[in-house]
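The values are calculated or read from the model by the stated rules, or taken from the named source; none is laboratory data. Keep in mind the model is a prediction, meaning the values are calculated, not measured. Backbone-built Cβ (ideal geometry, glycine too); neighbour counts: all protein chains shown. Ligands, DNA and RNA are excluded from the accessible area calculation, which covers all protein heavy atoms including side chains. Shrake-Rupley method; radii C 1.70, N 1.55, O 1.52, S 1.80 Å.
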Amino acid sequence: MDNILKSLGLAYKGKRIIIGDEIIPLLKKHQVKLIMLASDASENTKKRYKDKSLFYKTELIECFSKIEFGSALGKHYVAVIGILDSKMRDKILNTIESR
């Protein structure tokens, strides 16, 4: 699972992932391949992104904490991440399924 966090940090620097409110506009354009939601995000945030993922037919997973996401991305905390790269989405999902 630490490999996922390391990959997120590199992908953020490479602009293959987005965070926070940047996700919604690209979700509407069907550019977001996976939404990663922090397990300790607020109920409001969880509902908002779960509803959006259902509407736009984008897979959503809940994993890690806001602090774990944040430290991987060089931020204080991050509640939601949008994956823009299909190969990265597949790698993350395979890693989570195999644990």
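Summed over the stretch 40-57, the residues that are closer than 18 Å to Ile92 by Cα and within 11 Å of the chain's Cα centre (by Cα) give a count of 0.
Yes/no per residue for (1) under 14 Å from Leu84 (Cβ atoms); (2) among the aromatic types (Phe, Trp, Tyr); (3) free of Cβ contacts under 8 Å to residues at least 12 places away in the same chain:
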position: Lys6; (1), (2), (3): no, no, no
position: Lys13; (1), (2), (3): yes, no, yes
position: Asp21; (1), (2), (3): no, no, yes
position: Leu26; (1), (2), (3): yes, no, no
position: Ala38; (1), (2), (3): no, no, no
position: Lys57; (1), (2), (3): no, no, yes
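Screening Leu10 on (1) open to solvent by 20 Å² or more (accessible area, probe 1.4 Å); (2) over 20 Å from Glu97 (Cβ atoms); (3) among the aliphatic types (A, V, I, L, M); (4) at pLDDT 95 or above shows it passes everything except condition (4).
Among the residues making up the stretch 35-93, those that are over 22 Å from Pro25 (Cα atoms) and among the hydroxyl-bearing types (Ser, Thr, Tyr) are Ser39, Ser65, Ser71.
Listed by position, the helices (runs of 4 or more DSSP H) inside the stretch 13-99 whose residues that are open to solvent by less than 80 Å² (accessible area, probe 1.4 Å) and basic (Lys, Arg) number at least 2 are 43-55.
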